[in-house]
Amino acid sequence: MMITLPILIPLLIVVLLLISAKRMRSMKIIGFSGIFFVFIVSLLIFIRVKTDGIQVTQSAGWNVPLGITLVVDLLSAVMLLVSSFTSLLVGIYSFTAISEKHHKHRFFLFFNTLIMGVNGTLIAGDIFNLYVWFELMLISSFVLITLGSKRHQLEGAIKYVTMNLLASFLFLAGIGLVYGKTGTLNMADLSEVVRFDGQSGIMNFSFVLFFSAFAIKAAVFPFFFWLPASYHTPPVTVTALFSGLITNVGIYVMIRFFTLYLDDLTPFWKSILLLLAGLTMIIGVLTAASRYDIRRILSFYIISQMGYLIMGLGFFTKFALASVLFYMVHSNITKTAAFLVGGLIREKTGSYDLKSIGGLFKENPWLGLIFFLPAMSLAGIPPLSGFFGKFMLIKAGFENGNYLVTGVAVWASIFTLFSMLKIWNEAFWKPATNNNVPLKSSRLNNSMVIPVVILAFSTLILGVCTEQVMDILFEATEFIKDSDAYIDGVLN
């Protein structure tokens, strides 16, 4: 069926890349073609799911809960489409931004295995295969984060891998406990066992393990420190790819598990989620405000943005969950754009250090514009998508009576604006001096500029079309909140 193609296409591309290992041009064309076709297939899957409903396939004709189940509902379809869209643009950007040396190290091969891992996670219908795709994603990201094998990259990679291996251990331990008690790992079948056979207590301890694993993947407080220690070390193309894909996968799985296995949040889980959300937002914005390296600032804002998503999940209403989905779409596009603009600044100045650069707006006003759009969207300025995402989450918080964490969200947004204006002032508005890194007179390559322009204006388009997008996301939320529909779609 069509829903297997987001996994099979990257797998085929990996095989072809291994065959054409010594032909640089062929490697680039083949590698990028895989990313392109995954985007086309994801678009077709989204249309199919929107029209015909949930799509399910079983490996080798095995009946549920036996065999490998692949499931795409509207939530999965939206995530597939958005992740493949940003991956496509990062792929175009990488043609020039990634050096020939890195391409020789099979950049596109591991790019495609990363996409395969992400897509497998999004459409997995059983917990064990979800774990397998998580591991493929980890292995691929580890190789990409060490491209170049510089000392600071390896130091960052050690922290990255250590924490993610801990997450994998916790995830596997949770799987073992669940299977030992229920005898099933199929997500729909397990949901039926847990919720309808009076065995909800089964998930209590296992859920703590699952949540800890996903919180590490999503860089939620107090598990956040590995991200800013590692994300500034690889080429900015890799960091942009990670910012749009990997951390959001952790939140996606949290949403899937919480809605499948809990009718509503217990006071314990609600308190935990909202406390961690507030602390994640605070640590992200405060630390970002003290930094002067563009990549480090944006890395800490990845953490801060995760706080908004956890907060919305903690509210657990249909409106809040739809707002979380909108914010995930927004942050995927906006964070990717912000990092890629940082790459353009580095290309023009040779530095990410705000103290060493200046005068960019005078020399390149268009570069200032394409930075301004994602930066102000991150800060929540209308009519950009970040404003509507934050507004809806804050509205959900006030409606729920969660005034403290909602106030923290407003405060964090103000600090985000401060940091974005700091980048603007230091890099673009501040006059260039003799102490600054001289601007390069060479023209930026179109393969780097065009993807950034598309992403930057996408956040504006997403803001303008908020109502239409939210209609789709409300439909997805109705489906995931009504777990009976998911269970029926898979088991029947």
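The values are calculated or read from the model by the stated rules, or taken from the named source; none is laboratory data. Source: prediction; values computed, not measured. Cβ coordinates were reconstructed from backbone atoms using ideal geometry, including for glycine residues, and neighbour counts include every protein chain displayed. For accessibility, only protein heavy atoms count, side chains too; no ligands or nucleic acids. Shrake-Rupley method; radii C 1.70, N 1.55, O 1.52, S 1.80 Å.
In degrees from 0 to 90, rounded to the nearest 10, what is the angle of the helix 294-315 Cα long axis to the longest principal axis of the chain?
So the inclination is approximately 30 degrees.
Less than 15 Å Cβ to Cβ from Lys355, Lys/Arg counted +1 and Asp/Glu -1: what total charge do the surrounding residues give?
Summing Lys and Arg as +1 and Asp and Glu as -1 gives +3.
Quick check on packing: order 311-320, 270-279 by the mean number of other C-beta atoms within 10 Å, highest mean leading.
311-320, 270-279
Students often forget the sequence filter, so: which lysines lie under 27 Å Cα-Cα from Lys181 once same-chain residues fewer than 8 apart are removed?
Output for Lys181: Lys217, Lys270, Lys481.
So how do 453-463, 346-356 stack up, highest first, on mean other-Cβ count within 10 Å?
453-463, 346-356
Of all accessible surface on the chain at a 1.4 Å probe, what whole percent is carbon and sulfur?
The C+S portion of the solvent-accessible surface of the chain is 66 percent.
What is segment 338-492 by shape, rounded, prolate or oblate, if you read a ≥ b ≥ c off the alpha carbon gyration tensor as root eigenvalues and call it rounded for a/c under 1.5, prolate for a/b larger than b/c, and oblate otherwise?
prolate
Decide, for segment 129-196, between rounded, prolate and oblate: order the square roots of the alpha carbon gyration tensor eigenvalues as a ≥ b ≥ c, take rounded if a/c falls under 1.5, and otherwise choose prolate if a/b is larger than b/c, else oblate.
prolate
Contact order normalised by length for the chain, with contacts defined as Cα pairs under 8 Å and 6 or more residues apart; what percent is it?
16 percent
What lysines could a cross-link reach from Lys150, if we take a straight Cα to Cα line under 17 Å and drop same-chain neighbours fewer than 8 places away?
Once the sequence-local lysines are set aside, what remains near Lys150 is Lys101, Lys104, Lys159.
By how many degrees, 0 to 90 and rounded to 10, does the Cα axis of helix 74-97 deviate from the longest principal axis of the chain?
30 degrees
Output the 0 to 90 degree angle, nearest 10, between the alpha-carbon long axis of helix 446-464 and the longest principal axis computed from the alpha carbons of the chain.
Between the helix axis and the principal axis of the chain, the angle is about 60 degrees.
Skip the ligands, DNA and RNA, and give the accessible area per residue of segment 60-167 with a 1.4 Å probe, whole Å².
Details: 3750 Å² over 108 residues.
On a per-residue basis, 35 Å².
With each label point set 7 Å from Cα along the Cα-Cβ vector, what nm distance links Leu66 and Lys159?
Reported label-point gap for Leu66 and Lys159 is 4.9 nm.
At 1.4 Å probe size, with every protein chain present, just tell me what the per residue accessible area of segment 376-492 comes to in Å².
Each residue of segment 376-492 exposes 49 Å² on average to a 1.4 Å probe.
Under the 0.36 nm per residue contour assumption, what length would be gained going from the current alpha-carbon distance of Leu166 and Leu404 to full extension?
Taking Leu166 through Leu404 to full extension adds about 82.5 nm, to one decimal.
Is the C-alpha gyration tensor of segment 79-120 telling us rounded, prolate or oblate? Criteria: a/c under 1.5 is rounded; beyond that, a/b larger than b/c is prolate, otherwise oblate.
Verdict is oblate for segment 79-120.
Can you count the Lys pairs in segment 349-470 whose Cα atoms are under 22 Å apart, with each pair 8 or more apart or on different chains?
Counting lysine pairs in segment 349-470 gives 9.
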